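Beneath this line is the structure, given in structure tokens, with notes to follow.
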Amino acid sequence: MVELIPISVKTYSGYKADEYPQRFIWAGIDFEVIEIIDRWYEGYGQPNKESVNYFKVKTDPAATCLLRHNIQSDDWFLVV
């Protein structure tokens, strides 16, 4: 079963807002994103689905995490 844990995320905004995550806070720990391993999208152009971005990231302190960004609500989640 997938659990979505709300997190606070600082993003890079270049040619568009919230282009990719730079750091996030979870359980009181500040994680710096040191590498984006993969990213993909779901729901774009589909009227009955949320538009979301997924980022598989490597962090410091050392962890590999999956982050989910809901475009419409601008909410970020750690996927566990």
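Quick note: the coordinates plus some simple rules give every number you see, no bench work behind them. All values reported here derive from a predicted model rather than from experimental measurement. Quick reminder, even Gly has a Cβ in these numbers, built from the backbone with ideal geometry, and neighbours come from all protein chains shown.
The set of residues from segment 25-44 being of a type in the set (A, V, I, L, M, F, W, C) and touching an Asp or Glu at 6+ places or on another chain (Cβ under 9 Å) comprises F31, V33, I34.
Considering (1) closer than 12 Å to W26 by Cβ; (2) loosely packed, with under 14 Cβ neighbours inside 10 Å, the lone condition that L67 does not fulfil carries the number (2). Taken over segment 66-80, residues that are free of Cβ contacts under 8 Å to residues at least 40 places away in the same chain and outside any loop (DSSP other than H, G, I, E, B) amount to 2.
With respect to (1) under 19 Å from I71 (Cβ atoms); (2) within 13 Å of the chain's Cα centre (by Cα), the lone exception for E35 is condition (1).
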